[in-house]
Every structure is written in structure tokens, then in C-alpha cells.
Amino acid sequence: PCVLYDDCDGAGYVWVAARSLRSQGFTVNVQQLGIPGAVISRTFEDMAVQYGRNDVLANFIQQEVPFVKKEASLVTVFTGANDVNVMTTALGKGAGGTDPVAFIDQSVAGFTSDFSTLIAGIRSRSKSARIVVLNLPNLAGLPYLANSSLAQKQAAQRASVRITTAVINPTPDITVIDLMCDPRLYQASNLSSDGFHPNDSGYSLLGAEVGKAV
């Protein structure tokens with residue numbers, strides 16, 4: 001992780017993409033707004049706290065969007081995976097009662113509204129910025145859930161697939177990088193030891209895809 005707002009020229013996908021674009025003759029200045037563990041909105045941040053998670057300390061809409069520079073020409077967005085994990089944690093601690101499907105669908109509906117707010121917020125900060133969004137892989141297929149219960153895998157699959165196919169992919173006037181259908185993103189060799197976050201190799205793949213999208 002890099003210090004917030006600092007261009008540390010690190011190994012994350014943003015810096016990989018920046019180096020790739022610079023090598024092609026583009027001038028690139030990076031403003032690092034990513035916060036490890038962040039969720040999309042205060043709603044999901046509050047849900048995390050309610051169900052005992054202490055690793056969610058920020059959200060995109062309140063802590064990141066207000067700092068997008070007005071002169072930004074490109075904004076990349078990668079969100080949703082932490083939110084899905086918050087949903088499955090809540091389910092595991094009794095949220096949804098006897099109808100976990102309804103809870104997931106209701107939560108995804110909230111994410112839908114939040115995603116619209118997020119994109120609108122970016123556009124209000126920088127009206128000319130091109131927005132590139134990385135959608136979600138099917139989280140049930142990642143190694144970190146390999147030993148989880150069938151119910152948790154089903155919940156993670158339903159939430160992540162719906163966020164990708166019903167929320168991110170149909171959003172107008174954004175460029176979507178399709179991680180859900182990229183088999184490389186499910187390979188352990190491209191993931192950290194936690195089986196969830198990309199490793200340097202995985203982030204290199206993501207950075208290359210951002211470069212192609214640009």
C-alpha cells in the first residue's frame with residue numbers, strides 16, 4: 001500500500017498502467033485515492049461495524065470522491081469486493097434471517113444506488129474525465145473462499161455476479177474492464193497468499209488491461 005494521495009510508483013495496477021502509458025509517450029500524473037479495505041458508501045461501512053468487522057475504515061463516496069481533481073482526465077474505479085465480503089459477514093451473523101437471498105438482493109440494490117452516486121460524484125468533480133471501471137470476478141471462484149460453506153460461496157457468487165452484470169456493466173458512458181470472464185484472475189499464481197488480493201503479477205495484469213482500455 002502507498003500513502004494516500006502520494007504517487008509512490010508502486011506495484012499496484014494504477015502505477016503499472018501509468019508506467020505503461022508513459023512508455024507510449026503519454027504524460028501521466030497519478031493522484032492516489034485508493035484506501036485499503038474501503039467500501040463504496042457509509043451504508044456498507046456501517047454494516048461492517050454493525051456485524052463486528054474492524055477492517056473497514058473508509059468509503060469511496062465520502063473519503064475519495066471529494067478529492068478527485070477537477071482537471072483529471074482519467075479516473076479508474078475498482079470497487080465492490082469488500083462490500084460483498086461485508087454482506088457475507090452480515091449473513092453469517094444472522095442478517096437476512098431465513099431469507100439470505102432477499103438480503104443479498106436488497107444489499108445489491110443499495111450498492112446500485114451507491115454506484116450511481118459514485119459515478120455522478122466523479123463526474124461532478126471532473127466533467128471531462130474518462131472513467132474506467134474494473135468489474136468484479138465471481139468471488140466464489142477465488143481461493144480465499146475455497147474452504148467456506150456452500151451457503152457463503154453461494155452468497156458471494158450471487159452478490160458479485162449481480163454487481164458485475166446488473167450494476168457495473170450496464171452503466172452508460174464508462175469503459176468496463178471485464179474481470180469476471182478473465183480466467184487469469186482466478187489463478188492462485190496471480191493472487192496474494194490471502195487468496196483475495198492480487199499479487200504483483202495480478203496487479204500487472206490489471207494495469208495492462210487499464211492501459212489497453214485507455
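The values are calculated or read from the model by the stated rules, or taken from the named source; none is laboratory data. All values reported here derive from a predicted model rather than from experimental measurement. Virtual Cβ from ideal backbone geometry, glycine too; neighbours counted across all protein chains shown. Keep in mind that these areas ignore ligands, DNA and RNA; they rest on the heavy atoms of the full protein, side chains included. Shrake-Rupley method; radii C 1.70, N 1.55, O 1.52, S 1.80 Å.
Which residues, counting only those in the stretch 76-92, are within 24 Å of residue 26 (Cβ to Cβ) and either among the polar types (S, T, N, Q) or open to solvent by 20 Å² or more (accessible area, probe 1.4 Å) (or both)?
76, 78 - these are the residues of the stretch 76-92 that are within 24 Å of residue 26 (Cβ to Cβ) and either among the polar types (S, T, N, Q) or open to solvent by 20 Å² or more (accessible area, probe 1.4 Å) (or both).
Sort through 18, 90, 38, 81 and tell me the only one that's within 23 Å of residue 204 (Cα to Cα) and more than 17 Å from the chain's Cα centre (by Cα). Give the derivation first.
On the way: 90 fails: within 23 Å of residue 204 (Cα to Cα); 38 fails: more than 17 Å from the chain's Cα centre (by Cα); 81 fails: more than 17 Å from the chain's Cα centre (by Cα).
Exactly one residue qualifies, and that residue is 18.
Do we have any residue at all in the stretch 116-123 that's charged (D, E, K, R) and in contact with a helix residue (DSSP H, G or I) (Cβ under 9 Å, 6 or more places away or on another chain)?
no
Quickly run through the stretch 176-200 and pick out the residues that are among the hydroxyl-bearing types (Ser, Thr, Tyr) and either open to solvent by less than 60 Å² (accessible area, probe 1.4 Å) or assigned to a helix (DSSP H, G or I) (or both).
186, 189, 192
If only one of 114, 173, 105 is at positive phi, modelled with pLDDT of 95 or more and either surrounded by fewer than 16 Cβ atoms within 10 Å (Cβ to Cβ) or not in a loop (DSSP other than H, G, I, E, B) (or both), which one is it?
Numbers: 114 fails: at positive phi; 105 fails: at positive phi.
The conditions single out 173.
Out of 40, 61, 104, 35, which single residue is of a type outside the set (S, T, N, Q) and in contact with a Phe, Trp or Tyr (Cβ under 6 Å, 6 or more places away or on another chain)?
Values: 61 fails: in contact with a Phe, Trp or Tyr (Cβ under 6 Å, 6 or more places away or on another chain); 104 fails: in contact with a Phe, Trp or Tyr (Cβ under 6 Å, 6 or more places away or on another chain); 35 fails: in contact with a Phe, Trp or Tyr (Cβ under 6 Å, 6 or more places away or on another chain).
Testing whether each residue is of a type outside the set (S, T, N, Q) and in contact with a Phe, Trp or Tyr (Cβ under 6 Å, 6 or more places away or on another chain) leaves just 40.
Return yes or no: is residue 124 open to solvent by 60 Å² or more (accessible area, probe 1.4 Å), assigned to a helix (DSSP H, G or I) and not basic (Lys, Arg)?
Here the answer is yes, as residue 124 does meet what is asked.
Since residue 62 meets every condition but one in (1) touching a residue at least 12 places away in the same chain (Cβ under 8 Å); (2) open to solvent by less than 80 Å² (accessible area, probe 1.4 Å), which condition does it not meet?
Unmet condition: (2).
Restricting attention to the stretch 135-146, does a residue exist that is in contact with an Asp or Glu (Cβ under 8 Å, 6 or more places away or on another chain), more than 15 Å from residue 85 (Cβ to Cβ) and either open to solvent by 70 Å² or more (accessible area, probe 1.4 Å) or of a type outside the set (Phe, Trp, Tyr) (or both)?
Among the residues of the stretch 135-146, at least one is in contact with an Asp or Glu (Cβ under 8 Å, 6 or more places away or on another chain), more than 15 Å from residue 85 (Cβ to Cβ) and either open to solvent by 70 Å² or more (accessible area, probe 1.4 Å) or of a type outside the set (Phe, Trp, Tyr) (or both), which makes the answer yes.
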